[in-house]
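Each remark here refers to the structure printed beneath this line.
The values are calculated or read from the model by the stated rules, or taken from the named source; none is laboratory data. In this text the structure is predicted, and so the values were computed from the model without any measurement. Here Cβ is always computed from backbone atoms with ideal geometry, including for glycine, and neighbour counts include all displayed protein chains. Just so you know, the surface numbers come from the protein's heavy atoms only, side chains and all, with ligands and any DNA or RNA stripped out. Shrake-Rupley method; radii C 1.70, N 1.55, O 1.52, S 1.80 Å.
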Amino acid sequence: MTAPATAPPAFEGENLRRSYQADGVAVEALRGVDLCIESGEFVAIIGPSGSGKSTLMHLLGCLDRPTSGTLRVGGVDVATLSEAGLAELRNETIGFVFQSFHLLPRTSALDNVALPLVYRGVGAAERRTRARAALTAVGLGHRLTHRPAQMSGGEQQRVAIARALVGDPKVVLADEPTGNLDTRNGAEVMDILAGLNADQGVAVVLVTHEPEVAARASRRIHVRDGRIEQDAR
Amino acid sequence: MRAREAFLMATEALRVNRLRSALTMFGVIVGVLAVVVLVAIGTGAKDAVESEIAGLGSNIILVVPGQIGVGALPTQSRLGLADAAHVRRAVGDPSRVTVSVASGETMRVGRNEAFVTITGTDENIPNIFDRPLAKGRHLSETDVDTRRRVAVLGSEVASRLFGDIDPIGRQATISGARFRVVGVYETVGATFGVARDQEVHIPVTTAQRLLGLSRINGIAIGATGPDEIEPLRRRVVAALEERHPGERFSAVTQTQLLGTIGSVLGMLTGVLTAIAGISLLVGGVGVSNIMLVSVRERTREIGLRKALGARQRDVLTQFLIEAVLLTTIGGVLGILVGVGGSLLIDAVTPVPATITLWSVLLAFGVSVAVGVFFGVAPARRAARLDPVAALRAE
């Protein structure tokens, strides 16, 4: 499924730069990145560690702001947004999947999945209904009341994907989603992400250093030394 | 995020760390408990003293030489019976004026002895003070005029020296002099630590001779009504100062006594409450400390919540509610234990304790305020965490 031509790009970055102060020395993690990711794309960002791919990911996820350059997420310039506006943008347009799952340990799968809806002000009954639907969609309809420790790594990552999906985001950002999983579970997670992209038109941007994972994407952006080295479709 | 969600998150966080939450609350519990109990004791003491003063009788004016005030030095008495006669003329009604001179002595009956307060006074005692008789009679004018060796005993003196025997008409010895008991007072309790049931009243003339004195300690006057107190007081002081030029005399009323004692006890209660407040402060610092630890421990969780759309305000609210919940639960427990403790103290010890609504409300309000005050810094720290760094935290 392709998004209508009128929809703004999911991400549009112009000359993105990000530098950090580390022990008084400025470290440039991104040195001028231009990129455009259309809605509904399936993109892998590839690069060695220290290449700046994680920094790029954080900028796209609105967890961080560029030092200079312009970033538009769903057509909105993030520089114009307040802290609260940025949080709202994260909540409504982006779903995160992390390498280490980041589930709340003492909380059931259902409540973990429902968490983004809490910050959207959705009532408890509706949260549960939607969280149950999202868990069923990733094949965990039978694990609603389990806590993270009672589930396998693959199951935990599927809970995390359900959490990313529950708010109907425009984009799912996945940071090394298979990094902590064995091959079989990793493939399963990739199947879910690919299916999500193909069936629901949700853009998927994943950061990985594994070529076979990157191969599942329709577009691969290679990052090195804070710049885009290669952009292959 | 709705307030209810924030509340549920906070209760969940406290429930997860039960022992830690309980220990943190302990500091607040002790602080609030101390405030409630000390205020109760202060209030109880004040009530007790006020009822003692009221129990003396009504509309009494006490005249003593010198000036009365907190910190004033005691003055050698220059008052004598002639002054009392002068005051009687100034008052206009001799029966509303009485005198006293007192000394601690040992009284003996056979082998029994008791250390008593011998008070030389006159027949006007019952006109001015609330001093009902259990049996016998009061001192009479003739007793005073003819310097009789008669005595009216406080209830405790009577039971100590005579036991079950009726003391009326029997003999007792003070400093080798024999006295005949003519009356026994009813039990009245203590006033300002003066055990009035251990008093023995004898005619003032007899007392002066027995003690080798010509002075008296003070003069007491009974006004006919509250409106007469102030003019009468001024008249009596003026009369005495006219008689003894250059000297000062003081006439204190019950209202003045109540005011003075009330302010002294109020100050005492204030100091005690301040000390209790310090322990509450320490409890608050404990809450702050634990909240900082909690924020550090849950850095990843905070990062995650932010990634999922929590605003700074949402995180701030969550941690602030947690801190306020800690101190409020601690405060309520402290109030419950404090009220229980105060009632127990009042019931089983001689220390009076009175629970007042304002002290309970104040303690509750302060424990909420302590939570806000000491919760703000940790909650702000949590709210301002950088989500990227927080997600990476170990």
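Numbers below:
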read-out	value
Centroid-to-centroid separation of region B:13-33 and region B:262-287 [C-alpha atoms, Å]	20
Region A:79-124 and region B:96-152: distance between their alpha carbon centers, rounded to Å	88
Percentage of interatomic Cα-Cα distances in region B:79-246 larger than 22 Å	43
Rg ratio (alpha-carbon, reference 2.2 N^0.38 Å) - chain A	1.00
Ranked packing of B:3-12, B:217-226, most packed first, by mean Cβ within 10 Å	B:217-226, B:3-12
Accessible surface buried upon B-A contact (total; probe 1.4 Å; Å², nearest 100)	2200
Heavy-atom accessible surface of the protein assembly as shown: percent carbon and sulfur, 1.4 Å	56
Partner chain coverage, peptide B:103-109 - average Cβ within 10 angstrom	0
Region B:287-394: trypsin sites (Lys or Arg not before Pro) in DSSP coil with no more than 14 other Cβ atoms inside 10 Å	B:384
P(r), alpha carbons of the protein assembly as shown - 10 Å bins starting at zero, rounded %	3, 13, 16, 13, 9, 7, 7, 7, 7, 8, 7, 3, 0, 0
For A:57-66, mean number of other protein chain Cβ atoms within 10 Å	3
Relative contact order, percent, chain A [alpha-carbon distance under 8 Å, six or more residues apart]	29
222 nm mean residue ellipticity, helices alone, for chain B (DSSP H n ≥ 4; -39,500 (n - 2.57); rounded to 500)	-19500 deg cm²/dmol
For the protein assembly as shown, with +1 on Lys and Arg beta carbons and -1 on Asp and Glu, the positive-most of A:213, B:272, A:201 along the dipole	B:272
Average other protein chain Cβ within 10 Å of Cβ, residues B:293-304	2
Length-normalised contact order for region B:297-394 - Cα pairs under 8 Å, 6+ apart - percent	56
Local net charge near residue B:352, Cβ-Cβ under 12 Å (Lys/Arg +1, Asp/Glu -1)	-3
Computed magnitude of the charge dipole of the protein assembly as shown (debye, nearest 20; Cβ of K, R +1, Cβ of D, E -1)	640
All lysines inside 29 Å of residue A:170 as judged from Cα atoms, apart from same-chain residues fewer than 8 positions distant	A:53, B:306
Debye, to nearest 20: dipole size of region B:285-394, +1 on Lys, Arg Cβ, -1 on Asp, Glu Cβ	620
Choice from B:195, B:48, B:323 with maximal GNM fluctuation in chain B (Cα, 10 Å cutoff)	B:195
Helix axis angle, B:3-16 relative to chain B longest principal axis, alpha carbon, degrees	80
Against the rule of thumb 2.2 N^0.38 Å, how large the Cα Rg of chain B comes out	1.52
Residue among B:204, B:285, B:37 with the largest mean-square fluctuation in a Gaussian network model of chain B, springs linking Cα atoms under 10 Å	B:285
Net charge dipole size for region B:79-246 [Lys, Arg +1 and Asp, Glu -1 on Cβ; Debye, nearest 20]	580
Antiparallel bridges, percent of DSSP beta bridges restricted to chain A (to nearest 5)	55
Using alpha-carbon coordinates, inclination of helix B:18-55 to the longest axis of chain B, degrees	20
Semi-axes of the equivalent ellipsoid for region A:101-218, Cα gyration tensor, largest first, Å	23, 16, 11
Cα long-axis angle, helix A:124-137 against chain A (0 to 90 degrees, to the nearest 10)	80
From the C-alpha gyration tensor of region B:21-166, square roots of 5λ in Å	41, 24, 15
Gaussian network model of chain B, springs between alpha carbon atoms under 10 Å - residue of B:164, B:314, B:83 with greatest fluctuation	B:164
Relative contact order [Cα under 8 Å, 6+ residues apart], chain B, whole percent	29
Among beta bridges that DSSP assigns inside the protein assembly as shown, antiparallel share in %, nearest 5	70
Accessible area in square angstrom per residue, region B:79-246, 1.4 angstrom probe	46
Estimated distance in nm for a label pair at residue A:126 and residue A:215, the labels positioned 7 Å out from Cα along Cα-to-Cβ	4.4
